[in-house]
Amino acid sequence: VTKEDLGRATWLLLHTVAAQYPARPSKQQRKDVAALVHTLTRIYPCGECANHFRDIVRSKAPATSSAEELQQWACEVHNLVNASLGKASFNCKLVQARWNGLDCGTDMACDMTSR
């Protein structure tokens, strides 16, 4: 697994969590998503990447008040990482169109609202 593969997989996870996050999350959901982000800064397999992500998260804490805020936060942070790598940024106005398509069937298996 390359750093690039790991990075792509991590961003897929973070953007998908943000896309499935409730519009009005519970206190526990807010704590959990913040804990996920902060845990990544400590256990991420790439130490250099973890340190860089930690610096970004310290200056731009996860916005957990709503799905829209979390999606925008993830996009903005991803763009900060991309900028540091010399990669193009993503238009954060297109987040919904890009990440809001998780297919879990018709039984609402992806719905975080009741968790």
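Read-outs: derived from the displayed coordinates by stated rules, not from any lab. These numbers were taken from a predicted model, which means no experiment stands behind them. Cβ: placed from backbone, ideal geometry, glycine included. Neighbour counts: every protein chain shown.
Computing FRET efficiency as 1/(1 + (r/R0)^6) for SER59 and ASP103, where r is the C-beta to C-beta distance and R0 is 22 Å, gives about 0.05.
From helices alone, the chain scores -20000 deg cm²/dmol at 222 nm; the rule is -39500 (n - 2.57) for each run of n ≥ 4 DSSP H residues, then divide by the residue total.
Measuring r between the beta carbons of ALA88 and SER66 and using R0 = 22 Å, the FRET efficiency lands at 0.20. Counting Cα-Cα pairs of the stretch 3-99 in 10 Å increments starting at 0 gives whole-percent bin shares of 16, 53, 29, 3.
By the count of neighbouring beta-carbon atoms within 10 Å, fewest first, TYR44, TYR21 end up ordered TYR44, TYR21. The length gained by stretching the chain between SER26 and LEU12 to full extension, at 0.36 nm per residue less their Cα-Cα distance, is 2.7 nm. Against the chain, whose longest principal axis comes from its Cα atoms, helix 67-84 is set at around 20 degrees.
For the chain, the longest principal axis of the alpha carbon atoms and the long axis of helix 47-59 meet at an angle near 60°.
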